[in-house]
Amino acid sequence: MTTLLLFTIIMYLSMTISGVIGFAGNVIALPLLSLILDLPTAVAVLALCSFIQTVIQSVQNRMYIHWQESLKIILLSCLSMPIGLFFLRYFPEAASKLLLGVFVLIIALQPMIQNLLRSHRANTPTAKPWDWLYLIIGGIFSGAFASGGPLIVIYCTHRLSDKNIFRGTMFFSGCFSMGLVALEHFFQHHYTADTMLLTGIALVVMVAAIYTSTWIAGKVDTQRFHTLVNLALVFAGAMLVLQNTAALL
């Protein structure tokens, strides 16, 4: 009962956060779930629940989806995933994820530092000609280590200033990435009776999380929304650094 209670609380909080800003739920949930569940079960449950949540919230926010950017994200990410599968054979996972974490931290902390120095308004998305590289590299990391999400978020923060368009686009593009991960676990036979029981509990919790996150998102203005996105990126980068530094040591 204690495990189920902790599982319910973790899933509710992570899915609420993911529903508010369009990502970061799995980054927060996975380290916590791994303390009470075996890793394959935790990842399988998160993948399937995230896929279902992104589908539901994509439908809810369909009027805000930036279709051109969504297509670019999906195509570039998927095309570069096979490169990641190739690199998986030759590059150590922990070292690569550590470098990714450091890179994400640098990018996420930059607007916060600029805000402190008052060089210009922080959290104002600014498109750059090389932003498409984030999608390529993100696809490579996704194919190799299923960790490319933060780079795709960085791309969206530079291109999508409106919080609703940001959320809608992230939900829609997330359908494909989470669907592929869930499909992979299905073929690996990770969806056992116990896994599906946990997934069923999580889906009930998801209803409350979607309702809560939709209410919170409506109360947060664009400036604060981008601050939340940067904080989530900092957390994601810090988790990658801490976990993989420990693995290397």
Ranked highest first by average number of other Cβ atoms within 10 Å, how do 36-43, 166-173 line up?
166-173, 36-43
Quantify, in whole percent, the carbon and sulfur part of the accessible surface of segment 196-245 (1.4 Å probe; protein heavy atoms only).
76 percent
Work out, in µm²/s and without decimals, the Stokes-Einstein translational diffusion coefficient of the chain at 10 °C, 1.306 mPa s, Rh from Kirkwood over C-alpha pairs.
87 µm²/s
If I stretch the segment between ASP38 and VAL204 completely, what's the gain in nm (0.36 nm per residue apart, minus their alpha carbon distance), one decimal?
57.6 nm
Quick check: convex hull of the Cα atoms in segment 46-101, volume per residue, rounded to a whole Å³?
120 Å³
For the pairs LYS72/LYS128; LYS128/LYS163; LYS97/LYS163, note any where the Cα-Cα span goes beyond 23 Å.
LYS97/LYS163
Applying 1/(1 + (r/R0)^6) with R0 = 22 Å to the Cβ-Cβ distance of GLU184 and ILE56, what FRET efficiency is obtained, to the nearest 0.05?
0.55
Using Cα pairs under 8 angstrom and six or more residues apart, how large is the relative contact order of the chain, in percent?
38 percent
On each of the three principal axes of the Cα atoms of segment 191-249, give max minus min coordinate, whole Å, ordered largest first.
43, 40, 10
Hey, what's the chain come to in accessible area per residue, 1.4 Å probe, Å²?
52 Å²
Using Cα-Cα distances under 8 Å and only pairs 6 or more residues apart, what relative contact order does segment 137-242 have, in percent?
25 percent
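The values are calculated or read from the model by the stated rules, or taken from the named source; none is laboratory data. For clarity, every value in this text was computed on a predicted model and none was experimentally measured. Cβ sites come from the backbone with ideal geometry, for glycine too, and all protein chains shown count toward neighbours. Side chains are part of the model used for accessible areas, which takes the heavy atoms of the whole protein and leaves out ligands, DNA and RNA. Shrake-Rupley method; radii C 1.70, N 1.55, O 1.52, S 1.80 Å.
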